[in-house]
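**Q** Please find one structure pasted underneath; my questions will follow.
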Amino acid sequence: MTVSLYAEFTATAGNEPAVYQLITDFASAVRAEPGNLRFDPHFRDDNPMTIFVYEQYSDQTAFDSHLASAHGIAFNTELAPLVSGGGSTLTMLKTIGETNDNF
C-alpha cells in the first residue's frame, strides 16, 4: 500500500535561505530513491518560513529505506539547528477511497 504523508517545519528567523537550499538539495536526492513517488516541498503563502513537504512512497519498505538513508540522516542533522523545535513534524495520510479502516 502506498505511504503518503506531509512533513512540516518552520525556519527560524534569518535561516530561511539555508533551509530553502537544504530542502532543494534534499529533494533531488529523495526523488532518486527507489520507491519514491513524490517529494514536493512548498512554503506557506502567508508565512514563507513554514515549509510543507508532500511525500509518497510505493510501500512501507520504500519509506523505511528513505528514513534510514544516509542523505536523510544528514538532512535531519543539518535541519535541526535551523528550524523551530529542532526538526520536522510528520503527519501520515490515507487516501479517501483507498481504505475505509477508519469509518
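Readers should treat all values here as calculations from the given coordinates under stated rules, not as data from a laboratory. Computed from a prediction, not measured in an experiment: that's the story for all the values here. Positions of Cβ are backbone-derived with ideal geometry, glycine not excepted, and every protein chain shown enters the neighbour counts.
**Q** Relative to the longest principal axis of the C-alpha atoms of the chain, give the angle of the C-alpha long axis of helix 16-31, reported between 0 and 90° and rounded to the nearest 10°.
**A** The angle comes out at about 30 degrees.
**Q** So how tilted is helix 70-79 from the main axis of the chain? Cα-based, degrees 0 to 90, rounded to 10.
**A** It works out to around 50 degrees.
**Q** Consider just the alpha-carbon atoms of the chain and return their Rg together with their Dmax, both in angstrom.
**A** For the chain, the Cα-based Rg and Dmax read 14.1, 44 Å.
**Q** Taking the Cβ of N47 as the center, what net charge do the other residues with Cβ under 13 Å away carry, scoring Lys and Arg +1 and Asp and Glu -1?
**A** -3
**Q** What does the charge add up to near S84, with Lys and Arg as +1, Asp and Glu as -1, over the other residues with Cβ less than 13 Å from its Cβ?
**A** Cβ neighbours under 13 Å give a net charge of -2.
**Q** Between D64 and I96, with labels modelled 7 Å along Cα→Cβ, what's the label distance in nm to one decimal, could you check?
**A** Rounded to a tenth, the inter-label distance reads 3.2 nm.
**Q** Per-residue ellipticity at 222 nm for the chain, helices alone: DSSP H runs ≥ 4 residues times -39500 (n - 2.57), over residue total, nearest 500 deg cm²/dmol?
**A** On the way: 3 runs with 35 residues, N = 103.
Taking each H run of at least 4 residues, the total per residue is -10500 deg cm²/dmol.
**Q** Among P41, P17, P81, which one moves the most in a GNM of the chain with springs linking Cα atoms closer than 10 Å?
**A** P17
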